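The structure appears right after this line, and notes come after that.
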Amino acid sequence: MSQITPLFKREFLGYFRSPVGYVFLAVFLTASVILAFFVGGFFRSNTASLETLFNFYPWLFLFLIPAAGMRLWSEEKRTGTIELLFTLPVTTLQAVLGKYLAAWAFLALAILLSFPMAITVAYLGDPDWGVLISGYVGSILMAGAYLGVCSFMSALTKNQVISFVISLLACLILLFLGLSIFNNALSAVLPTWAVDLLANFSFSTHFAAFTKGIIDPKDVVYFLSLAGFSLFLNVVVLER
Amino acid sequence: MIEVKGLVKLYGSKRAVDGVTFTVKRGEILGFLGPNGAGKSTTMKMITGFLQPTAGTAIVDGHDVTQDPVAVKRRIGYLPESAPAYGEMTVDEFLGFIAETRGFRSAEARTSQVNRAIGLTHLDPVRKQTIETLSKGYKQRVGFAQALLHDPPVLVLDEPTDGLDPNQKNEVRSLIKNMATEKAVILSTHILEEVEAICTRVIIISQGRVVVDETPAKFQARQPGARLDAIFRSLTQSDV
Ligand SMILES: Nc1ncnc2c1ncn2[C@@H]1O[C@H](COP(=O)(O)OP(=O)(O)OP(=O)(O)O)[C@@H](O)[C@H]1O
Ligand SMILES: [Mg+2]
């Protein structure tokens, strides 16, 4: 466990040693504001909640989390630092966890920086803090699941562009499984139980309850086990 | 100290390393020679636990690298070919990170190890500079400093003097020579004078196999009066 700490620190601070971290935070916040206020009609909705913002997160994450996660392993492979990392006294699992947790903490930071919007909501109306908090919990958990997938994908290639594209594709599939349009199309060819089963693997299905203030252990377990399974595959590919 | 037993590495159907066996005792400096693509770096990567051997193993200080890679990694200082490092970190930050993962957890212990390594490799003038902005020779020295940092009983150095100016080459050679009394050292090189100057034993590998394993004096005696590179050429000629 203690071997994870230095890896975590290096990776997390690494976001701020280059412009990457700052650019990411700026883009994430700008996109959140634009989506929530202008596209989502934050003011028109007349509700003191961030539901409009949270509803966009599955889509925002689809592009931004592959962007944050694409370098995780690809860059180590391209620059050869992976050889340095894996001749230090750390196991593959420790390295995978250290890097993953650092990236997750960075994403959580990005998500929590939208908190001023929550303050605005509180100022303008009388928000349900329970719903707000469960929205944040859900967002951070969902970010963790997206990131797990992206971390695994980035271990497959030393090319960051390929890493980004395959991460996006994998996340897109996981997201689309829950969309009704997509499922209606699927039910033409598959039996209902199969469609329901597939929808059960979707980010959006499991995220929806959080935005309504419900923290269902099933959803928590889904996000955590998806992240866990991706990281398991991540370790397997690296040890190959 | 280092026992290499029948190491084999297959890349597809190509035998990059084809049954390499040798031992290195404490106090020995082993010069690892061979034409480009002979399998020197691949052998070193297997000894240091970065690559899984297809067959065979290496025992370092009593620990089998295929059984307990982390124990082996703890005892080895490794300079990979072309000295990879995290470019966005400064020399100080980078060596601090290495020290921390090598188990120097307190700030004082870390600083003293880093200062020692920086002193040995004359990195003081650039310690606050990011590694990506360093010249090739300085980058090489950072890699060397990183390998020496924890004062390991075993050093594995892949072309340690590559890219250094003549003064630094001499400096690094005498450093290795002085340290070697209580260490086992393997170094690969293309400079035959280096072997004459510091190595206590020479191994030449060619097409993944050991073709010579003897003292530099014996090696010279193969063709008295001839230049070393002439002897080298006659032994590895099949390798084109
Ligand atoms: N990842 C890889 N995939 C396929 N072949 C590889 C890979 N890495 C190395 N090889 C091959 O293995 C052989 C040995 O390479 P290695 O890097 O060990 O040579 P070397 O002796 O260190 O050469 P040099 O003096 O140029 O550093 C080469 O033929 C190389 O092309
Ligand atoms: Mg080499």
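Quick check on my filter: what residues within segment B:32-51 are more than 25 Å from residue B:71 (Cβ to Cβ) and touching a helix residue (DSSP H, G or I) at 6+ places or on another chain (Cβ under 6 Å)?
Of everything in segment B:32-51, those that are more than 25 Å from residue B:71 (Cβ to Cβ) and touching a helix residue (DSSP H, G or I) at 6+ places or on another chain (Cβ under 6 Å) turn out to be B:34, B:35.
For residues that are more than 11 Å from chain B (Cβ to nearest Cβ) and touching a Lys or Arg at 6+ places or on another chain (Cβ under 7 Å), scanning just segment A:69-120, find the one that is farthest from residue B:95 (Cα to Cα).
A:74
Suppose we filter segment A:106-145 for residues that are part of a helix (DSSP H, G or I), modelled with pLDDT under 80 and of a type outside the set (A, V, I, L, M, F, W, C); how many remain?
The qualifying residues number 3.
Show the residue pairs meeting these rules: Cβ distance below 9 Å; 6+ apart or different chains; first residue within segment B:38-52 and under 12 Å from residue B:79 (Cβ atoms) and touching a residue at least 60 places away in the same chain (Cβ under 8 Å); second residue of a type in the set (S, T, N, Q) and within 9 Å of ligand 2 (Cβ to nearest atom).
Listed by first residue and then by second, the contacts come to B:41/B:188; B:44/B:188.
Exactly one of these conditions fails for residue B:189: (1) surrounded by fewer than 19 Cβ atoms within 10 Å (Cβ to Cβ); (2) within 16 Å of ligand 1 (Cβ to nearest atom). Give me its number.
(1)
Quick one: how many residues across segment A:64-105 are touching a residue at least 24 places away in the same chain (Cβ under 8 Å), outside any helix (DSSP H, G or I) and among the aliphatic types (A, V, I, L, M)?
2
Looking at (1) more than 16 Å from ligand 1 (Cβ to nearest atom); (2) over 30 Å from residue B:96 (Cβ atoms), which one does residue B:135 not meet, given that it meets all the others?
In the conditions (1) more than 16 Å from ligand 1 (Cβ to nearest atom); (2) over 30 Å from residue B:96 (Cβ atoms), residue B:135 misses (2) alone.
Name the residue, out of B:83, B:99, that is within 12 Å of chain A (Cβ to nearest Cβ), crowded, with 20+ Cβ neighbours inside 10 Å and more than 16 Å from ligand 1 (Cβ to nearest atom).
Just a single option satisfies the conditions, and that option is B:99.
Would you mind stating whether residue B:171 is away from ligand 1 (no atom under 16 Å from the Cβ), of a type in the set (D, E, K, R) and farther than 30 Å from residue A:95 by Cα?
Criteria met by residue B:171.
Please work out if residue B:143 is within 16 Å of ligand 2 (Cβ to nearest atom) and more than 30 Å from residue B:54 (Cα to Cα).
No: the conditions fail for residue B:143.
Within the group A:213, A:228, which residue is under 18 Å from the mean Cα position of the chain (by Cα) and farther than 17 Å from residue A:58 by Cβ?
None of the others qualify; the one that does is A:228.
Among (1) in contact (Cβ under 8 Å) with a residue 40 or more places away in the chain; (2) surrounded by fewer than 19 Cβ atoms within 10 Å (Cβ to Cβ); (3) within 24 Å of residue A:91 (Cβ to Cβ), which single condition is residue B:105 missing?
So residue B:105 meets the others, but not (1).
Filter segment B:31-57 down to the residues that are assigned to a strand (DSSP E or B) and buried (at least 24 other Cβ atoms within 10 Å of the Cβ) and list them by number.
B:31, B:32, B:33
Mind listing whichever residues of segment B:156-186 are within 14 Å of residue B:25 (Cα to Cα) and within 16 Å of ligand 2 (Cβ to nearest atom)?
B:156, B:186
Restricting to segment B:101-128, give me the number of residues that are within 24 Å of residue A:99 (Cα to Cα) and in contact with a helix residue (DSSP H, G or I) (Cβ under 7 Å, 6 or more places away or on another chain).
Count: 4.
Can you confirm whether segment A:186-201 contains a residue that is touching a Pro at 6+ places or on another chain (Cβ under 8 Å) and either outside any helix (DSSP H, G or I) or surrounded by 15 or more Cβ atoms within 10 Å (Cβ to Cβ) (or both)?
Checked segment A:186-201: no residue is touching a Pro at 6+ places or on another chain (Cβ under 8 Å) and either outside any helix (DSSP H, G or I) or surrounded by 15 or more Cβ atoms within 10 Å (Cβ to Cβ) (or both).
Could you go through segment B:163-184 and let me know if any residue there is within 13 Å of chain A (Cβ to nearest Cβ), outside any loop (DSSP other than H, G, I, E, B), surrounded by fewer than 23 Cβ atoms within 10 Å (Cβ to Cβ) and not polar (S, T, N, Q).
No; the residues of segment B:163-184 include none that is within 13 Å of chain A (Cβ to nearest Cβ), outside any loop (DSSP other than H, G, I, E, B), surrounded by fewer than 23 Cβ atoms within 10 Å (Cβ to Cβ) and not polar (S, T, N, Q).
Looking at this structure, is residue B:72 more than 10 Å from chain A (Cβ to nearest Cβ), hydrophobic (A, V, I, L, M, F, W, C) and touching a helix residue (DSSP H, G or I) at 6+ places or on another chain (Cβ under 9 Å)?
Here the answer is no, as residue B:72 does not meet what is asked.
Would you check which residues across segment B:121-155 are in a strand (DSSP E or B) and closer than 24 Å to residue B:25 by Cα and list them?
Correct list: B:154, B:155.
Could you tell me whether segment B:98-109 includes any residue that is at positive phi, modelled with pLDDT under 95, more than 19 Å from the chain's Cα centre (by Cα) and not acidic (Asp, Glu)?
Scanning segment B:98-109, I find at least one residue that is at positive phi, modelled with pLDDT under 95, more than 19 Å from the chain's Cα centre (by Cα) and not acidic (Asp, Glu), so the answer is yes.
Given the criteria free of Cβ contacts under 8 Å to residues at least 12 places away in the same chain and either within 13 Å of chain A (Cβ to nearest Cβ) or within 16 Å of ligand 1 (Cβ to nearest atom) (or both), does residue B:159 qualify?
When the stated conditions are applied, residue B:159 does not pass them.
Considering only segment B:61-88, state which residues are closer than 21 Å to residue B:99 by Cα and part of a strand (DSSP E or B).
B:76, B:77, B:78, B:79
Has segment B:112-128 got at least one residue that is in contact (Cβ under 8 Å) with a residue 40 or more places away in the chain and within 13 Å of chain A (Cβ to nearest Cβ)?
No, the conditions are met nowhere in segment B:112-128.
The values are calculated or read from the model by the stated rules, or taken from the named source; none is laboratory data. Worth saying up front: this structure is predicted, and the values here are computed from it rather than measured. Here the Cβ is made from the backbone with ideal geometry for all residues, glycine too, and neighbour counts use every protein chain on show.
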